[in-house]
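Below you'll find the structure, written out as structure tokens, and then a few comments.
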């Protein structure tokens with residue numbers, strides 16, 4: 001193989017990598033803008049409804065909105081929570097649901113995607129509520 005051929009292939013790889021990184025940044029920016037709207041119009045109101053329903057059933061939770069996330073936190077303290085946030089670090093931006101809860105002396109953390117790229121704009125309060133209720137089950141023992 002000739003040096004000129006190797007250099008051509010390296011330049012092509014560099015150009016492709018730069019192009020994909022630029023596309024990924026543009027997609028992440030677009031999804032971040034869509035997430036800000038969805039967070040305020042869908043997710044936070046759904047979290048307030050959940051907190052209200054949980055409080056009515058005797059489970060004291062409060063809603064926090066640190067940065068661009070919505071979080072349900074038990075009032076009993078500790079580092080326990082269930083949150084919904086946009087993850088733009090992966091190749092494909094996704095809305096993630098994360099939970100952390102204490103179990104004895106150890107902490108159990110879970111994380112999973114609930115919506116990807118185009119689903120950010122179409123995320124509904126019903127979908128958010130269903131996912132959060134499923135994630136809350138260990139807290140309701």
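Read-outs throughout are calculated quantities, based only on the coordinates presented, and are distinct from any laboratory measurement. What you see is a predicted model, and the numbers here were worked out from it, not measured in a lab.
Helix 125-136 and the longest principal axis of the Cα set of the chain meet at an angle near 70°.
Considering all C-alpha pairs of the chain, those separated by over 19 Å amount to 57%. Its alpha carbons give the stretch 9-48 an Rg and a Dmax of 16.7, 54 Å.
The long axis of helix 44-56 is offset from the longest Cα principal axis of the chain by roughly 30 degrees. Helix 3-38 and the long axis of the chain differ in direction by around 30°, with both axes built from C-alpha atoms. Just 38, 17, 100 to compare: in a GNM of the chain, with alpha carbon springs under 10 Å, which one fluctuates most? Answer for the Gaussian network model of the chain: 17.
The calculated 222 nm mean residue ellipticity attributable to helices in the chain amounts to -15500 deg cm²/dmol, summing -39500 (n - 2.57) over DSSP H runs of n ≥ 4 and dividing by all residues.
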